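Before any comments, here is the structure.
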Amino acid sequence: MNIDNTERLSFRLMDKNDKQLLWQLDQDPEVMKFITGGQVSSMEKIEHVFIPRMEAYRNKEKGWGLWQVNLLADNSYLGWILIRPMHFFSDNPEFDNLEIGWRFFQHTWGKGYATEAAQQIMQALKSNNTFSAIADENNHASISVMKKLGMDYVKTYHHKDQLIDCQVDYYQIKK
């Protein structure tokens, strides 16, 4: 699967060879504030936790994985959009409910890139009827993106996995 460019953005499915790009993005404590409490990721964590997790759900044909988002004007790396079945790493993954998430460099915040990229990817995966997203309940910027995507609040719950341990707001849209 490929994602068509928007007026400003291009997309590429990331893989294990992108560890340097993934690490670079995680080096800003503000980017990591609502994910790890501001602790930046080590290269070891990227290689031994993040990459294996990404490879577990990555499926090019279905469009699952991390979609690198670049600015068309200069091909600069802005961040990524996550697509995978909701609760993928649980005993009950929801294959008909795709989780969408995002992580972008701080200098790109407030420019609409996350919303634009997420909308484009959701449109490309339009055969899927349900999209969901979670964010730390205090991450008002990500929750704002969820609302701009047309998602509705479902619930707040404690989410814990290898990467996150916090209260999250869960939003969803059914097409």
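The values are calculated or read from the model by the stated rules, or taken from the named source; none is laboratory data. Computed from a predicted structure; not experimentally measured. Here the Cβ is made from the backbone with ideal geometry for all residues, glycine too, and neighbour counts use every protein chain on show.
Structure notes:
- Looking across region 1-20, the residues that are more than 13 Å from residue 47 (Cβ to Cβ) and either aromatic (Phe, Trp, Tyr) or not in a loop (DSSP other than H, G, I, E, B) (or both) come down to 9, 10, 11, 12, 13.
- Boolean, residue 55 is under 15 Å from the mean Cα position of the chain (by Cα), outside any loop (DSSP other than H, G, I, E, B), farther than 23 Å from residue 173 by Cα and without any contact (Cβ under 8 Å) to a residue 60 or more places away in the chain: yes
- Sub-7 Å Cβ pairs linking a first residue in region 99-123 that is within 10 Å of residue 80 (Cβ to Cβ) to a second residue that is hydroxyl-bearing (Ser, Thr, Tyr) and modelled with pLDDT of 95 or more, at least 6 apart or interchain, are 104/113, ordered by first then second residue.
- The lone criterion from (1) within 20 Å of residue 13 (Cα to Cα); (2) more than 14 Å from the chain's Cα centre (by Cα); (3) among the charged types (D, E, K, R); (4) in a strand (DSSP E or B) left unmet by residue 61 is number (4).
- Total residues in region 149-167 satisfying the condition of being at pLDDT 95 or above and within 25 Å of residue 62 (Cβ to Cβ): the figure is 5.
- Filtering region 126-138 for residues that are over 25 Å from residue 14 (Cα atoms), touching a residue at least 24 places away in the same chain (Cβ under 8 Å) and out of contact with any strand residue (DSSP E or B) (no Cβ under 6 Å at 6 or more places or on another chain) leaves a non-empty set.
- The residue of region 1-52 that is farthest from the chain's Cα centre (by Cα), among those that are farther than 27 Å from residue 137 by Cα and among the hydroxyl-bearing types (Ser, Thr, Tyr), is 6.
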